[in-house]
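In what follows, a single structure is set out as C-alpha cells and then discussed.
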Amino acid sequence: MEFFLIKLVLVLIVFLVSLGVAAYSTYAERKIAAFLQDRVGPDRAGPFGILQPLADGLKMFMKEEIIPTHADKFLFILGPCIMMMTASMTGVIIPWGHGLEINGTFYPVQITDINIGILYVFGVVSIGVYGIMIGGWASNNKYSLMGAIRASSQMISYELAMGMAIIALIMTTGTLSVREIVEQQHGIHWNIFTQPLGVIIFIICAFAECNRTPFDLPECETELVGGYHTEYSSMKLGFYLFAEYINMFISSAIISSLYFGGYNFPFIDQLGLSPNMLSMLGTLIFFGKIFFFIFFFMWVRWTIPRFRYDQLMHLGWRVMIPLAIVNILGTGLYVLFKNGQLHF
Amino acid sequence: MNPSLPFFVLATLSVFSALMVVLSRKPVHSVLYLIFCFFTIGGHYLLLNAQFLFAVHIIVYAGAIMVLFLFTLMFINMNKELEPHKSNLLKGAATIAAGCLLLVLVAATKGAETLPAISKTSDIGTVSNLGKALYGQYLLPFELISILLLTAMVGAVMLGKKDVE
C-alpha cells in the first residue's frame with residue numbers, strides 16, 4: 001500500500017514537473033528567440049514577462065472551439081488526446097535521481113525500472129505518430145492531410161536511425177534498463193566518449209521526432225498553412241503545441257541520461273557529502289543538463305533554416321541510416337577488442 | 001475477485017475490436033480498430049510476463065506496419081461506387097476457405113502445451129532469456145529467418161522499382 005502511494009505521488013510530481021517545464025519552455029523559446037534576434041521579447045505579464053505562459057494558457061482556453069462540419073468528430077477529438085497522452089507517458093522510465101534513503105529504506109527517484117526500459121520509450125513514441133495522423137486525416141482538409149503524411153513519414157524514417165543508434169549503445173552497455181545505463185556512467189564515464197557518432201545520430205533524430213526546426217516540415221507554414229493542426233482551435237491546438245514542448249523536455253532528459261551521464265557528475269566521490277545530499281545534487285545537475293538541451297533545441301531553431309522535404313528524406317535514408325549501420329559495425333569491433341576476443 | 005478477470009476483459013476487447021475491423025464501414029476506422037486489437041493482444045503478452053515480446057509487438061506492428069497501412073488508406077479515396085461487386089459464388093468460396101483456416105488453427109492448438117493465461121512467476125519473456133534461447137538453442141532457425149527477411153526486402157525493392165526491364 002505504501003509502495004503504491006509513493007509511486008502515485010511520484011507519478012503526480014513527474015507529470016506536474018513535465019507540464020511546468022513545458023509551459024516555461026514556451027516562455028524560454030520566446031525569450032531566447034528575442035535574445036538571438038536582438039529584441040526584448042514578452043515583457044508585459046509580470047516582471048520580465050514571467051507570467052506569459054499563464055496568459056497564453058488562459059487565451060487558449062477562452063478561444064472558440066470549432067469542429068469542422070465534415071470532420072470525423074470522434075477522431076478529431078482523439079488526435080490531440082493521443083498526442084498529449086503519449087507525450088506524458090514517456091517520463092515513467094527516466095531515473096530522475098539516484099534515490100533517497102529515509103529511515104533505512106531506499107526510495108529510488110524513478111517511477112518504474114522496467115526490464116525493457118528504452119524499448120518502452122520507442123513503443124510510446126511510435127504510437128505518438130497516430131496523434132498527428134488521426135488529427136490530420138479527421139480534419140478533412142488537404143493541407144492537414146499533407147502535413148500529417150509528411151509528419152508520419154518523417155517520424156518513421158528517423159525512428160529507424162534512432163533505433164540503430166540505440167542498438168550500438170546497448171552493445172556497449174549490455175542492458176536495456178535506463179537506470180542501469182545511467183549507473184554505469186558513474187563520475188565521468190559518460191557514454192558520449194564510447195559512442196561519439198551515436199550521440200550525433202541520436203540528437204539529430206530526436207530533432208526530427210519532435211518536429212523541431214530544421215525538421216519542422218509538418219507545420220511548414222509557407223507551404224501548408226498550419227500543417228496537420230490547420231483546422232484545430234482552442235485547447236485542442238494548445239494540446240498539440242504543448243505536447244511538442246513536453247516531447248522536447250523528455251527527449252532532453254533521455255539524451256542526457258543515455259549519453260551524458262544522467263544524474264552523474266565528475267568528482268562525485270571526492271566531494272565527501274552524504275549519499276542523500278549527493279543524490280539531491282545529482283538531480284539538480286540532471287535538470288541542469290536537461291535545461292541545457294532544451295536551450296540547444298531552441299538555439300538550433302533560430303540558427304539553422306528549415307530543410308526542403310527531399311533533403312530531409314535524403315538525410316534520413318542516405319546519410320543517417322548508413323552512418324548508424326557503420327556505427328553498429330564499429331561498436332561491434334570495439335566491444336570485441338575490449339573483451340580481448342579480437343587478435344591482430 | 002476472479003484472478004483471471006484481466007484475461008477475460010482483454011479477451012473480450014480483442015474479440016470485439018477484431019470483429020469491428022471487419023464490420024466497420026470506413027476503411028480508416030477498420031485500421032484503427034486493428035491497432036486497438038494489437039494493443040489488447042500486447043496486453044495478453046504482458047499478462048504472461050513477456051515484456052520484450054510486448055514492446056516489439058507494439059513497436060513493429062502498431063508503430064510501424066499499421067502506420068504504413070493508414071498511410072496508404074489516407075491516399076486512396078475509397079468510394080462505394082468504385083468497390084468491385086463480388087458474386088455469391090466468390091463470397092461462398094471465401095467463407096469456406098476462411099472456415100478451413102479457422103479449423104486448421106484451432107486443430108493446431110490441440111497438441112500444444114497449455115499455460116496459465118496469467119503468470120507472474122514465468123520469466124520466459126524477459127530480454128536476457130529470450131536472447132539466450134534465440135542465439136543458443138534456436139540459432140539456425142533464427143539466422144535462416146534473417147535470410148528470409150533479407151530476401152523479402154530485396155524482392156520488395158525490386159517490385160517497387162518503376163522501370164525494370
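The values are calculated or read from the model by the stated rules, or taken from the named source; none is laboratory data. Keep in mind the model is a prediction, meaning the values are calculated, not measured. Positions of Cβ are backbone-derived with ideal geometry, glycine not excepted, and every protein chain shown enters the neighbour counts. We work out accessible area using only protein heavy atoms, side chains counted, and drop any ligands, DNA or RNA first. Shrake-Rupley method; radii C 1.70, N 1.55, O 1.52, S 1.80 Å.
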Where the Cα pairs of the protein assembly as shown fall when distances are cut into 20 Å bins, in %: 18, 53, 26, 2, 0
Test item: B:69-76 mean partner chain Cβ contacts at 10 Å: 3
How would you order B:151-159, A:256-264, B:4-12 from highest to lowest mean count of nearby Cβ atoms within 10 Å? A:256-264, B:4-12, B:151-159
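What average number of partner chain Cβ atoms lie no more than 10 Å from the Cβ of the residues making up A:234-243? Show your work: numbers first, answer last.
Values: counts 0, 0, 0, 0, 0, 0, 0, 0, 0, 0.
Counting other chains' Cβ atoms within 10 Å and averaging over A:234-243 gives 0.
Between B:VAL15 and A:ILE6, take the C-beta separation as r, use R0 = 45 Å, and let me know the FRET efficiency to the nearest 0.05.
Numbers: r = 37 Å, r/R0 = 0.83.
Efficiency computed from Cβ-Cβ geometry: 0.75.
If I compute solvent accessible area with a 1.4 Å probe over the protein chains, what percent of it on the protein assembly as shown is carbon and sulfur? If you can, show how the numbers build up before the last one.
Working: 20690 of 28620 Å².
Taking all protein chains in place, the protein assembly as shown shows 72 percent carbon and sulfur surface.
Hey, what D do you get for chain B in µm²/s if you plug the Kirkwood alpha-carbon radius into Stokes-Einstein at 10 °C and 1.306 mPa s?
Values: Rh = 19.6 Å.
Result for D is 81 µm²/s.
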Which distance in Å, rounded to a whole number, links the C-alpha centroids of the stretch A:136-192 and the stretch A:76-134? 14
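Taking only DSSP H segments of four or more residues, each worth -39500 (n - 2.57), what value at 222 nm results for chain B once the sum is divided by all its residues, to the nearest 500 deg cm²/dmol?
Values: 7 runs with 106 residues, N = 165.
It comes out at -21000 deg cm²/dmol, rounded to the nearest 500.
Just checking the output field for B:54-64: average partner chain Cβ neighbours within 10 Å of each residue's Cβ? All intermediate terms of the calculation are to be shown ahead of the outcome.
On the way: counts 4, 12, 4, 1, 7, 10, 2, 1, 5, 12, 5.
Going residue by residue through B:54-64 and averaging, the value is 6.
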Given the rule -39500 (n - 2.57) for each run of at least 4 DSSP H residues, summed and divided by the residues of chain A, what is its mean residue ellipticity at 222 nm, to the nearest 500 deg cm²/dmol? -21500 deg cm²/dmol
